[in-house]
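Working notes, structure below.
The values are calculated or read from the model by the stated rules, or taken from the named source; none is laboratory data. Predicted model only: the values in this text are computed from it and were never measured. Neighbour counts run over all protein chains shown; Cβ positions are idealised from the backbone, glycine included.
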Amino acid sequence: MILSRLITTLMVASLGVGVAWAENATLTRASDLKAKPFTDAPTVISLPEQSKVQIVGNEGGWTQIRSADGKTGWVRLLNVRPDSKGDSGAGVGKGIASLGNVVRTGTTGSTATTGVKGISQDDLSRATPNFQELKRMNENKVSSREGERYASSNRLKARNVDYLEAADGPTKAN
């Protein structure tokens, strides 16, 4: 009986810890606050660009946030920029979270990596065109004007990049 009360008390107290250590952030673009971390989930509210929010948690490519008016939901991870101010208490919260990761996984955090899988001659000889994907790709293209407007609104600058010289033959990965 005492043990179950202790467990219940600890669980309730841990709910408040997450709220206390939420990290302050700003939306980098207008975003729909979703009820669950899925694109087809119901929209709770639409938030404008530069909205001040608090990061509550992360799951995959989604960030759970709390809006200024107290609504909680999910937005795409890349639409949220954590504030650099040290007043949010996030450092302590992150420290506790990384301690929990050590207990669970043996590491203090996660590392995302990307890579390129090599394509062999055999892969190329068996390749077939996927016209459905080509159609999808073409449906997602934007005009030069739209691209320039997006770049301008996000303070991106054009850069010229020289082509790489062709290798004499296959190269070996390091």
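So here's what we get for this one:
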{"read-out": "Filter pass, ALA68 being over 16 Å from the mean Cα position of the chain (by Cα), of a type in the set (A, V, I, L, M, F, W, C), surrounded by 14 or more Cβ atoms within 10 Å (Cβ to Cβ) and at pLDDT below 95", "value": "no"}
{"read-out": "Where VAL75 falls short, out of the listed (1) of a type in the set (Val, Ile, Thr); (2) at pLDDT 90 or above; (3) surrounded by fewer than 17 Cβ atoms within 10 Å (Cβ to Cβ)", "value": "(3)"}
{"read-out": "Every residue from segment 140-174 that is of a type in the set (Asp, Glu), at pLDDT 90 or above and exposed (fewer than 10 other Cβ atoms within 10 Å of the Cβ)", "value": "ASP162"}
